[in-house]
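Report on the following structure.
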Amino acid sequence: MHVLMGFAAMIGCMVGLCQLLRSVVRWKVRPGLAQNLLIEVVSTLQLGCCTREMILLATLGGIELWLAMTLTYLLTVLHCMTFQGATCNPCGSLELWLRALVPGSHMVLTVAAQFVGAALSRVLMPNIWQLELSPLHKWDVVCRSPLNVAPWQGALVEMTCALSLFLALHFLPRVKSEFRPHVVALTITAIVYTGGPRTGAVFNPALAYAAVFLCQGNSFLQYAAVYWIGPTIGMVVSILILERRIPRLSPDKSSPHHVKRD
């Protein structure tokens, strides 16, 4: 019980701090690209920190699978309700560019902002753990790789996870706005339940950089192949399934979504 209370307190403090930072950004920075990039940084920081705390709980807390999945669902709902439009996933930003919905410069800057947020979470969480605010933080445990299959198999798993997510997100606009966070959370929880035992089911290159690339057991190149290339291919396949073409590579000038400038 003390472990769960400490976990809840940490998550609450982290989300509250990031929500305060987002409010400051919206107050001090004019609406536009700069504001969007700062919100991406803060929201990805929140995602990375909360995920690393969740991994710590799942690894050391001795919680049962049903509780881990419940917390995954609740955390995802919380993120959806607080991210304020940030995607926090380079695959999502790349998808918008491939669909010709945003210029290439915006995509590059957004992905860079996401990796900045991920890098900040890598630095921040170890320093917070040193304060021993939770019983879990008193244990010095080396992070172990969640990749329990061969790298090529892991890449296929992460590709399938990303493919499933982006196919589900395609139909999200048809859902009433108040139910969308729960639909996303249920989808992600189901994907984590299925792929988690094999790769951790991260399907987010920035989040993988924050939570997985620090773990022992595999090389940087192996992690990159599994957690960067795998999800990217899955996202591209989802576009091909839904549209049977890549709009950015085969632009339809009559389409209202066509972006002329890059």
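The values are calculated or read from the model by the stated rules, or taken from the named source; none is laboratory data. On a predicted model such as this, the values are computed, not experimentally measured, just so you know. Cβ: placed from backbone, ideal geometry, glycine included. Neighbour counts: every protein chain shown. Ligands, DNA and RNA are stripped out before the accessible areas are found, and what is left, the full protein with its side chains, is counted by its heavy atoms. Shrake-Rupley method; radii C 1.70, N 1.55, O 1.52, S 1.80 Å.
Each residue of region 162-178 was assigned a 3J(HN,Hα) from its phi angle through the Karplus expression (A = 6.51, B = -1.76, C = 1.60, θ = phi - 60°), giving 5, 4, 4, 5, 6, 5, 5, 5, 4, 9, 4, x, 7, 8, 4, 4, 5 Hz with x at Gly and Pro. Per residue, the accessible area of region 60-136 comes to 46 Å², computed with a 1.4 Å probe over protein heavy atoms only. Couplings for region 143-157, taken from phi via the Karplus curve 6.51 cos²θ - 1.76 cosθ + 1.60 with θ = phi - 60°, read 5, 9, 4, x, 7, 9, 9, 4, x, 5, 5, x, 4, 5, 5 Hz in order; Gly and Pro are left as x. Per residue, the convex hull spanned by the alpha carbons of region 104-262 comes to 155 Å³. Using Cβ point charges alone (K and R +1, D and E -1), the dipole size of region 1-139 about the Cα centre works out to roughly 400 debye.
Of Ser238, Ser164, Ser177, the order by accessible heavy-atom surface (1.4 Å probe, DNA, RNA and ligands excluded), from most exposed downward, is Ser177, Ser164, Ser238. If you wrap the tightest convex hull around every Cα atom of region 1-142 and split its volume per residue, you get 118 Å³.
Carbon-plus-sulfur accessible fraction, the chain (probe radius 1.4 Å, protein heavy atoms only): 67%. Just report the Cα centroid separation between region 1-47 and region 126-200, whole Å. So the two Cα centres are separated by 19 Å. Amide H to amide H, with H built 1.01 Å from N, Cys215 comes under 5 Å of no residue 5 or more places away or on another chain. Remark: region 18-24, residue by residue, has Karplus-estimated 3J(HN,Hα) of 5, 5, 5, 5, 5, 5, 5 Hz, where x stands for each Gly or Pro and the curve is 6.51 cos²θ - 1.76 cosθ + 1.60 at θ = phi - 60°. Think of it this way: in the chain, Cys13, Cys18, Cys49, Cys50, Cys80, Cys88, Cys91, Cys161 stand alone, with no other Cys Cβ under 4.7 Å. Dipole size of the chain about its Cα centre, with +1 on Lys/Arg Cβ and -1 on Asp/Glu Cβ: approximately 760 debye, rounded to the nearest 20.
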